[in-house]
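Down below is the structure, laid out as structure tokens.
The values are calculated or read from the model by the stated rules, or taken from the named source; none is laboratory data. Model, not experiment: these values are computed from the prediction. Glycine gets a Cβ as well: all are built from the backbone with ideal geometry, and neighbour counts include every protein chain shown.
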Amino acid sequence: MSLFSAVEMAPRDPILGLNEQFNADTNPAKVNLGVGVYYDDKGKLPLLQCVQIAEKAMMEAPKPRGYLPMDGVAAYDAAVKTLVFGADSEPVKSGRVATAQGIGGTGGLKIGADFLKKLSPNAKVLISDPSWENHRALFAQAGFTVESYPYYDAAKRGVNFDGMLAALNTAAEGTIVVLHACCHNPTGYDITSTQWDQVIAAVKARKLTAFLDMAYQGFGHGIVEDGAVIGKFVAAGLNFFVSTSFSKSFSLYGERVGALSVLCESKEEAERVLSQMKVVIRTNYSNPQIHGATVVANVLNNPELRALWEKELAEMRVRIKAMRQKLVDGLKAAGVKEDMSFITTQIGMFSYSGLSKDQMVRLRNEFGVYGTDTGRMCVAALNSQNINHVCASIAKV
Ligand code: PLP
């Protein structure tokens with residue numbers, strides 16, 4: 001009898017399981033649209049030039065690798081604050097933002113979740129229906145009861161905004177609401193600027209705690225445009241949480257570069273909050289890694305590299321948009337009668353295609369086109385070589 005004989009096999013991660021099936025597929029025309037990763041037009045994971053230049057400079061002036069402080073690389077934390085809130089913004093100038101480097105955006109969310117569990121142990125967490133599949137598990141693992149607010153409206157091919165707002169307006173005081181700052185994953189549908197105003201009014205009136213997940217800043221309309229929602233929360237006088245991820249925007253997935261920022265009432269309050277975030281970090285992994293955050297800091301804090309990054313990020317954003325249009329045109333040309341133009345109203349890496357589970361299974365098994373059973377496809381993995389096969393296959397199912 002082993003210590004582990006009663007251990008049950010955990011359910012497979014649906015997306016990683018899909019990847020395994022894709023890797024084992026011998027169809028030469030196979031296309032993986034199940035992932036949440038941006039590939040270039042040649043189907044390759046990009047290594048951004050700004051990253052290569054920053055890394056070359058780092059190699060030429062090698063530094064010893066002591067432990068970082070618990071909140072990470074100081075220049076990186078400062079760059080994150082500036083990116084998220086704006087260099088000349090009042091919160092940055094007054095020093096009332098507490099920011100700590102995190103292990104990817106996931107790490108930023110986890111620092112926030114563990115801190116919130118100590119701060120508001122009895123609060124409920126609301127996530128969108130549907131949401132990034134790890135939101136529920138991450139907040140549940142931190143000890144919260146996780147429920148959802150309505151978001152996707154399949155019939156409308158958009159957001160059930162009335163349902164969302166009604167849920168926020170009836171949520172108990174102190175409820176933690178996880179909001180996708182831009183490029184909603186998995187649906188690709190964002191709410192409008194006016195709708196954000198209504199969400200903010202509800203957050204304020206019901207005394208809710210907003211937790212903005214910003215995993216795709218710059219992938220939607222632009223760095224500033226995608227970040228505008230943060231300015232709205234600031235203007236409303238709210239205290240709130242923002243997690244940041246550079247996985248996609250720097251194509252640095254495996255370096256695990258992210259952060260958590262918390263907007264507090266004053267500099268003194270931010271110091272106390274940061275001290276508690278450090279306790280969470282210390283007791284989980286002590287302190288974060290040096291490399292990825294230093295690369296991002298060196299790019300963001302150098303005007304030339306920053307301009308290069310903005311250019312490279314814009315290229316990714318524009319290519320995704322072009323692929324959305326090609327998908328709509330290609331589906332029409334392949335004989336799909338339905339109006340698929342909703343794909344171009346979606347934003348970010350994903351498209352909720354509206355295809356059923358049966359259709360997604362057929363796409364996979366008969367044509368080697370892999371998306372999730374929910375109908376989510378990664379538009380950022382389409383390219384000029386695979387688009388025709390994808391359109392023809394969708395037309396057939
Ligand atoms: N939040 C959302 C909405 C995401 O889509 C992702 C990644 O796909 C993350 C957070 C996690 O980002 P990271 O890979 O940097 O941990």
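Give just the number: which of (1) surrounded by fewer than 24 Cβ atoms within 10 Å (Cβ to Cβ); (2) part of a helix (DSSP H, G or I); (3) among the charged types (D, E, K, R) does residue 88 not satisfy?
(2)
Being in a strand (DSSP E or B) and farther than 30 Å from residue 69 by Cα narrows it down to one of 351, 384, so name that one.
Of 351, 384, the one residue that is in a strand (DSSP E or B) and farther than 30 Å from residue 69 by Cα is 351.
Evaluate the following for residue 203: is it farther than 14 Å from residue 132 by Cα, away from the ligand (no atom under 15 Å from the Cβ) and touching a strand residue (DSSP E or B) at 6+ places or on another chain (Cβ under 6 Å)?
So residue 203 passes the test.
Inspect the stretch 156-175 for any residue being within 13 Å of the ligand (Cβ to nearest atom), touching a Phe, Trp or Tyr at 6+ places or on another chain (Cβ under 8 Å) and under 30 Å from residue 40 (Cα atoms) and give the result as yes or no.
No, every residue in the stretch 156-175 fails to be within 13 Å of the ligand (Cβ to nearest atom), touching a Phe, Trp or Tyr at 6+ places or on another chain (Cβ under 8 Å) and under 30 Å from residue 40 (Cα atoms).
Across the stretch 230-250, which residue is farthest from the chain's Cα centre (by Cα) among those that are outside any strand (DSSP E or B) and buried (at least 22 other Cβ atoms within 10 Å of the Cβ)?
233
Which condition number does residue 76 fail, the rest of (1) within 16 Å of the ligand (Cβ to nearest atom); (2) among the hydroxyl-bearing types (Ser, Thr, Tyr); (3) not in a helix (DSSP H, G or I) being met?
Unmet for residue 76, out of (1) within 16 Å of the ligand (Cβ to nearest atom); (2) among the hydroxyl-bearing types (Ser, Thr, Tyr); (3) not in a helix (DSSP H, G or I): (3).
Here's a check for you: in the stretch 355-392, which residue that is surrounded by fewer than 21 Cβ atoms within 10 Å (Cβ to Cβ) and among the small types (Gly, Ala, Ser) is farthest from residue 35 (Cα to Cα)?
Checking each candidate, the answer is 392.
Quick check on the stretch 321-340. Is at least one of its residues small (Gly, Ala, Ser), under 30 Å from residue 112 (Cβ atoms) and within 24 Å of the chain's Cα centre (by Cα)?
Within the stretch 321-340, not a single residue is small (Gly, Ala, Ser), under 30 Å from residue 112 (Cβ atoms) and within 24 Å of the chain's Cα centre (by Cα).
Which condition does residue 137 not pass, out of (1) part of a helix (DSSP H, G or I); (2) within 14 Å of the ligand (Cβ to nearest atom); (3) touching a residue at least 24 places away in the same chain (Cβ under 8 Å), if it passes all the others?
(3)
Pick from 171, 181, 166, 154: which is surrounded by 19 or more Cβ atoms within 10 Å (Cβ to Cβ) and over 21 Å from the mean Cα position of the chain (by Cα)?
171
Run down 340, 349, 360 and say which single residue is farther than 21 Å from residue 214 by Cα and touching a helix residue (DSSP H, G or I) at 6+ places or on another chain (Cβ under 6 Å).
Result of the check over 340, 349, 360: 340.
Condition first: in contact with a Gly (Cβ under 6 Å, 6 or more places away or on another chain) and either within 11 Å of the ligand (Cβ to nearest atom) or assigned by TED's automatic domain parsing to the domain that holds residue 345 (or both). Now tell me which residues in the stretch 212-236 satisfy that.
Selection gives 215, 216, 219.
If residue 97 satisfies every condition in (1) touching a Leu at 6+ places or on another chain (Cβ under 6 Å); (2) within 15 Å of the ligand (Cβ to nearest atom) but one, which is the exception?
Tallying (1) touching a Leu at 6+ places or on another chain (Cβ under 6 Å); (2) within 15 Å of the ligand (Cβ to nearest atom), residue 97 fails exactly one: (2).
If residue 38 satisfies all but one of (1) under 29 Å from residue 290 (Cβ atoms); (2) of a type outside the set (A, V, I, L, M); (3) modelled with pLDDT under 95; (4) touching a Ser or Thr at 6+ places or on another chain (Cβ under 9 Å), what's the number of the condition it fails?
Against the list (1) under 29 Å from residue 290 (Cβ atoms); (2) of a type outside the set (A, V, I, L, M); (3) modelled with pLDDT under 95; (4) touching a Ser or Thr at 6+ places or on another chain (Cβ under 9 Å), residue 38 comes up short only on (3).
How many residues, within the stretch 253-279, are within 16 Å of the ligand (Cβ to nearest atom), surrounded by fewer than 22 Cβ atoms within 10 Å (Cβ to Cβ) and on the phi < 0 side of the Ramachandran plot?
Final tally of qualifying residues: 3.
Give me the pairs, please: first residue somewhere in the stretch 44-58 and assigned to a helix (DSSP H, G or I), second residue anywhere and of a type in the set (Phe, Trp, Tyr), beta-carbon distance under 7 Å, and either six or more positions apart or on two chains.
50/309; 51/250
For the stretch 4-43, which positions are under 18 Å from the mean Cα position of the chain (by Cα) and not in a loop (DSSP other than H, G, I, E, B)?
14, 15, 16
Output yes when any residue across the stretch 110-132 is at pLDDT below 95, at negative phi and not in a loop (DSSP other than H, G, I, E, B), and no when none is.
No, the stretch 110-132 has no match at all.
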